[in-house]
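This report refers to the structure that appears directly beneath it.
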Amino acid sequence: MTDSAKQDQVLIFDTTLRDGEQSPGATMTHDEKLEIATMLDEMGVDIIEAGFPIASEGDFAAVSDIAKNSVNSVICGLSRAAFGDIDRCWEAVKHAAQPRIHTFIGTSPLHRAIPNLTQDEMADKIHETVSHARNLCDNVQWSPMDATRTEHDYLCRVVEIAIKAGATTINIPDTVGYTAPRESADLIRMLIEKVPGADEIIFSTHCHNDLGMATANSLAAVEAGARQIECTINGLGERAGNTALEEVVMALKVRNDIMPFKTGIDTTKIMNISRRVASVSGFPVQYNKAIVGKNAFAHESGIHQDGMLKNAETFEIMRPEDVGLSETNLVMGKHSGRAALRAKLRDLGYELADNQLKDVFVRFKALADRKKEVFDDDLIALMTDSTSDV
Ligand code: KIV
Ligand code: ZN
């Protein structure tokens with residue numbers, strides 16, 4: 001690990017435009033990809049994986065244009081372990097101020113069986129292809145796909161080969177979302193301890209969410225020494241998705257007391273990019289999604305609303321402004337109490353005496369029993385009726 005990585009900085013590698021876009025149906029247009037890349041750069045993402053240049057002419061064009069327009073972020077392209085792929089990737093990323101080639105091969109027994117390579121044949125291929133990438137670019141990332149289901153001794157062997165061939169980042173993918181937090185940490189720790197040269201490079205974690213553990217697995221890997229997290233906005237990605245950028249970044253910010261690591265992300269830009277990615281990918285964010293879901297900062301129950309009105313920390317561990325929201329949303333419904341109704345009406349310009357509030361509250365509850373949510377307009381109508389009754 002390099003000096004800076006030994007410290008507390010965790011690099012954020014966003015792969016929304018590559019692994020995220022691989023999600024069936026999430027294809028984005030050229031202009032949309034450029035727009036998202038600009039937003040990622042502006043929010044402080046360290047590395048943007050812009051696409052898979054050999055995959056199509058369109059992917060190639062998007063990666064090259066993102067590279068040409070890049071400002072602060074490293075721009076990375078993905079390539080299989082083949083000279084042609086790597087050359088094509090380099091052609092696309094070379095325009096960036098800071099280019100990176102990412103090359104990978106499946107190392108688990110299941111994945112080795114596909115090209116039908118022996119362990120030795122695959123080891124040679126890794127040496128050749130990583131060396132080739134390093135001859136083109138100073139910044140090379142290598143991934144043993146399905147690392148979490150690869151035999152440990154073989155994983156150590158191929159990681160060592162990749163480091164010797166010039167890889168500067170070793171990414172450990174949990175390709176099928178199979179690992180669990182303790183195992184994720186143990187794997188990174190084992191690699192750092194056993195592989196010669198491990199202290200010269202950055203270890204990265206790349207988790208999928210098939211068992212809903214991608215965020216926990218990524219954070220466990222960081223605690224064990226990984227200093228790059230691969231993730232996507234809204235957790236977009238194949239099957240159950242990838243680690244969600246907003247979750248790992250906010251977890252490291254909110255629980256810095258027990259996970260003393262920092263990222264360079266401007267968290268106030270999270271909500272905006274989340275909405276934009278949802279819109280361009282056509283994948284809406286579930287209401288109760290951590291950090292960016294519609295209900296993540298919304299409260300309906302009377303006890304919660306009362307607590308929130310007295311002290312927001314009672315029921316919120318983050319401030320909505322920290323993720324780019326202007327305020328907490330007190331949703332008016334049948335679970336809401338008198339204090340929230342009074343506060344809501346005050347916002348709408350109605351200051352009520354206790355006896356007036358008592359009367360309006362009864363009508364409000366009757367209405368809330370008939371409607372899932374009582375909107376501002378409903379309350380205004382209720383108040384208009386109350387005033388005309390007088
Ligand atoms: O999940 C995975 O293994 C990948 C690699 C290509 C890094 O996305
Ligand atoms: Zn992946």
* If you check residue 176 against the conditions, is it β-branched (Val, Ile, Thr) and either away from ligand 2 (no atom under 16 Å from the Cβ) or at positive phi (or both)? -> no
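Among 226, 221, 244, 240, which is within 16 Å of ligand 2 (Cβ to nearest atom), small (Gly, Ala, Ser) and surrounded by fewer than 24 Cβ atoms within 10 Å (Cβ to Cβ)? I'd like the intermediate steps shown before the answer.
Numbers: 226 fails: surrounded by fewer than 24 Cβ atoms within 10 Å (Cβ to Cβ); 221 fails: surrounded by fewer than 24 Cβ atoms within 10 Å (Cβ to Cβ); 244 fails: surrounded by fewer than 24 Cβ atoms within 10 Å (Cβ to Cβ).
None of the other options fit; the residue is 240.
Going by what's in this entry, would residue 238 be described as within 28 Å of residue 32 (Cβ to Cβ) and either away from ligand 1 (no atom under 16 Å from the Cβ) or in a strand (DSSP E or B) (or both)?
no
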* So residue 54 clears everything in (1) within 16 Å of ligand 1 (Cβ to nearest atom); (2) of a type in the set (A, V, I, L, M); (3) modelled with pLDDT under 95 except one condition, right? Which one? -> (3)
* To do: Kindly indicate which of 169, 107, 103 is touching a residue at least 12 places away in the same chain (Cβ under 8 Å), under 14 Å from residue 221 (Cβ atoms) and either within 16 Å of ligand 2 (Cβ to nearest atom) or surrounded by fewer than 17 Cβ atoms within 10 Å (Cβ to Cβ) (or both).
  => 169
* Asked: Given 91, 57, 49, which one is in contact with a helix residue (DSSP H, G or I) (Cβ under 8 Å, 6 or more places away or on another chain), more than 19 Å from residue 19 (Cβ to Cβ) and of a type in the set (D, E, K, R)?
  -> 91
* Any pair with Cβ under 6 angstrom, 6 or more apart, that starts in segment 17-34 at a residue that is touching a residue at least 60 places away in the same chain (Cβ under 8 Å) and ends at one that is not aromatic (Phe, Trp, Tyr) and not in a loop (DSSP other than H, G, I, E, B) -> 18/49; 18/51; 18/78; 19/242; 20/232; 26/281; 28/280; 32/280
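Yes/no matrix, rows are residues, columns are (1) modelled with pLDDT under 90; (2) touching a His at 6+ places or on another chain (Cβ under 7 Å):
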| residue | (1), (2) |
| --- | --- |
| 322 | no, no |
| 330 | yes, yes |
| 341 | no, no |
| 349 | yes, no |
| 355 | no, no |
| 358 | no, no |
| 361 | no, no |
| 375 | no, no |
| 388 | yes, no |
* To do: At least 2 residues that are among the aliphatic types (A, V, I, L, M) and touching a residue at least 40 places away in the same chain (Cβ under 8 Å) in each: list the helices (runs of 4 or more DSSP H) lying fully within segment 254-356 that qualify.
  => 270-281
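I need the full set of residues from segment 5-38 which are among the hydroxyl-bearing types (Ser, Thr, Tyr) and surrounded by fewer than 15 Cβ atoms within 10 Å (Cβ to Cβ), in order please.
Let us first name the residues in segment 5-38 that are among the hydroxyl-bearing types (Ser, Thr, Tyr), namely 15-16, 23, 27, 29, 38.
Hits for segment 5-38 are 27, 29.
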* Taking into account only those residues within segment 82-106 that are in contact with an Asp or Glu (Cβ under 9 Å, 6 or more places away or on another chain) and assigned to a strand (DSSP E or B), which is farthest from ligand 1 (Cβ to nearest atom)? -> 99
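The values are calculated or read from the model by the stated rules, or taken from the named source; none is laboratory data. Small disclaimer: the values here were computed from a predicted structure and weren't measured. With ideal geometry, Cβ positions are generated from the backbone for all residues, glycine too; neighbour counts draw on all protein chains shown.
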